[in-house]
1. Only residues that are under 18 Å from ARG134 (Cβ atoms) and free of Cβ contacts under 8 Å to residues at least 24 places away in the same chain: list them for the stretch 162-182, please.
2. Please give the number of the condition ASN154 fails out of (1) open to solvent by 40 Å² or more (accessible area, probe 1.4 Å); (2) over 20 Å from the mean Cα position of the chain (by Cα); (3) at pLDDT below 90.
3. Looking only at the stretch 47-74, which residues are closer than 19 Å to VAL150 by Cα and open to solvent by less than 50 Å² (accessible area, probe 1.4 Å)?
4. Looking at the stretch 12-39, which of its residues are modelled with pLDDT of 85 or more, more than 17 Å from ALA2 (Cα to Cα) and among the hydrophobic types (A, V, I, L, M, F, W, C)?
5. Check whether at least one residue in the stretch 12-33 is open to solvent by less than 100 Å² (accessible area, probe 1.4 Å), among the small types (Gly, Ala, Ser), closer than 25 Å to ASP163 by Cβ and under 19 Å from the mean Cα position of the chain (by Cα), and report yes or no.
6. Among the helices (runs of 4 or more DSSP H) lying completely within the stretch 32-138, list those that include at least 2 residues that are farther than 28 Å from GLN183 by Cβ and of a type in the set (A, V, I, L, M, F, W, C).
7. Does the stretch 170-187 contain any residue that is of a type in the set (D, E, K, R), open to solvent by less than 40 Å² (accessible area, probe 1.4 Å) and outside any loop (DSSP other than H, G, I, E, B)?
Amino acid sequence: EAANSILKTLEEPTAKTVLIIITSSLSRLPKTIISRCQILKFLPVSTKDIFDYLIKLEVDRKKAKILASLADGLPGIAINYYLEPDIYSDFKEKTSQFVTLLKSDINERFKAVSDIINSSNIDEVKDYLIIWTRVLRDMILIKYSAHNLVSNLNLAANLEDIDRHYTVRKIIKIIKEIKLARQYLEANVNPKLTLENLVLNF
């Protein structure tokens, strides 16, 4: 029904109207809609360009470098972290929590899972998994001495210390388990059981 409404709007737009439809999966859009659109791909913005923009906003150079790296090619993320300190603090807390999780024993991991479930809704749990994946990606980059591509610059020293205890194969295995956990959450599998099963693989 929604697709049909969009299609009607595309076929009979008002004067001087520009419609931008954003999707992460083109295959989910009906072909009738795709055929009436011009496809544009928005490529990631370079870290340098984001850094330069933050400097224009008079952000401290050290912080601008960190925020630009965290943006992952999306200027809006860096700007949001700068304008909303509480959101940035929450992100830093979640990344630090994951680093601690990697160094913890199984009992501490299960306790951390309970804390996450008790204080988060399902969307926030999914956000945790995205953050965890990015931290693990940074660990792989550190393994290959690609420090210039690390996004969590403020955690670099801690990640190097943890990195010694994880092989690339092990890190990739955990990333795959996280991807599987996200699929379970999308399928409404119990979040607590999903995360507990996940941390057993750390």
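1. LYS170, LYS176, LEU180
2. (2)
3. Answer for the stretch 47-74, where residues must be closer than 19 Å to VAL150 by Cα and open to solvent by less than 50 Å² (accessible area, probe 1.4 Å): ILE50, PHE51, LEU54, ALA64, ILE66, LEU67, ALA68, SER69, LEU70, ALA71, GLY73.
4. VAL18, ILE39
5. No; the residues of the stretch 12-33 include none that is open to solvent by less than 100 Å² (accessible area, probe 1.4 Å), among the small types (Gly, Ala, Ser), closer than 25 Å to ASP163 by Cβ and under 19 Å from the mean Cα position of the chain (by Cα).
6. 47-56, 61-70, 75-83
7. no
The values are calculated or read from the model by the stated rules, or taken from the named source; none is laboratory data. Every value quoted in this text rests on a predicted model; they were computed, and no experiment measured them. Every residue, glycine as well, gets a Cβ built from its backbone with ideal geometry; the counts of neighbours run over all protein chains shown. Surface areas here come from the heavy atoms of the whole protein model, side chains and all, with no ligands, DNA or RNA. Shrake-Rupley method; radii C 1.70, N 1.55, O 1.52, S 1.80 Å.
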